[in-house]
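Worksheet for the structure shown next.
The values are calculated or read from the model by the stated rules, or taken from the named source; none is laboratory data. Bear in mind that the values here come from a model prediction, so they are computed numbers and not experimental data. Glycine also receives a Cβ, built like all others from the backbone with ideal geometry; neighbour counts cover every protein chain displayed.
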Amino acid sequence: MSDAAITDSEQDFTAAGDPFALFHAWFAEAEKSEINDPNAMALATTDAGGLPNLRMVLLKGVDTVENPNRGFVFYTNFESAKGHELLANPQAALLFHWKSLERQVRVRGHVSLASHEEADAYFASRPPLSRIGAWASHQSRPLASRDVLEAKIQHYEAKFFDAPIPRPAYWSGFRVVPVEIEFWMSRPFRLHDRIVFRRDAPRDSWHKTRLYP
């Protein structure tokens, strides 16, 4: 299929010069079309033995074009499996899949910590029970029963009754600063469109390549 058959929106996609601008455009469309969690993304890490780990998390921030960090931000418990893995090996991969749009975005890059100010601001924006949960849950560790978790929730609800719920020191954010971002769009007969932006280091210029399906 020739480029002459590409629609205006697809032409914009293949001609894009900045991956973050393109991501923001695609994400805005996903927010309108996806029924549940357009900000859901698969996060891949590796454990100490090099075995991959994969789970779904929620994107909670994408830095603007003007921000030199320019990364994808999510929050978690540092004592969780993904927290331990990212602190030991600060590299990760992300995957967004928007089924309603038949589009995917793949991200690979280096990981840095969100600032305390960022983490405090986001934590304060969460519903009270979500903040309580951050205190009550020993994430990724063995749990004897649901009753144990419920008891911990009740303990922290009483502790912070009518008081501000502070952010636990072990709970904060990670920023994936990409060195590679690939955009994938479904096309008939599996002749999909793919473009990938690559750079050697986070502050380098991007180089764009169009890929075979």
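Could you check the range 109-119 and list, in sequence order, the residues that are touching a residue at least 60 places away in the same chain (Cβ under 8 Å), out of contact with any Pro (no Cβ under 6 Å at 6 or more places or on another chain) and closer than 19 Å to ASN39 by Cβ?
Across the range 109-119, the qualifying residue is only ALA114.
Modelled with pLDDT of 95 or more and of a type in the set (Gly, Ala, Ser): does that describe ALA25?
No.
For (1) part of a strand (DSSP E or B); (2) touching a residue at least 60 places away in the same chain (Cβ under 8 Å), each residue gets a yes or a no:
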residue	(1), (2)
LEU143	no, no
PHE183	yes, yes
PHE189	no, no
PHE197	yes, yes
THR209	yes, no
PRO213	no, no
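Limited to the range 139-167, what total is found for residues that are within 14 Å of LEU129 (Cα to Cα) and in contact with a strand residue (DSSP E or B) (Cβ under 9 Å, 6 or more places away or on another chain)?
Of the residues in that region, 0 qualify.
Could you tell me how many of the residues in the range 35-47 are more than 16 Å from the chain's Cα centre (by Cα) and modelled with pLDDT under 95?
The number of residues fulfilling the criteria is 1.
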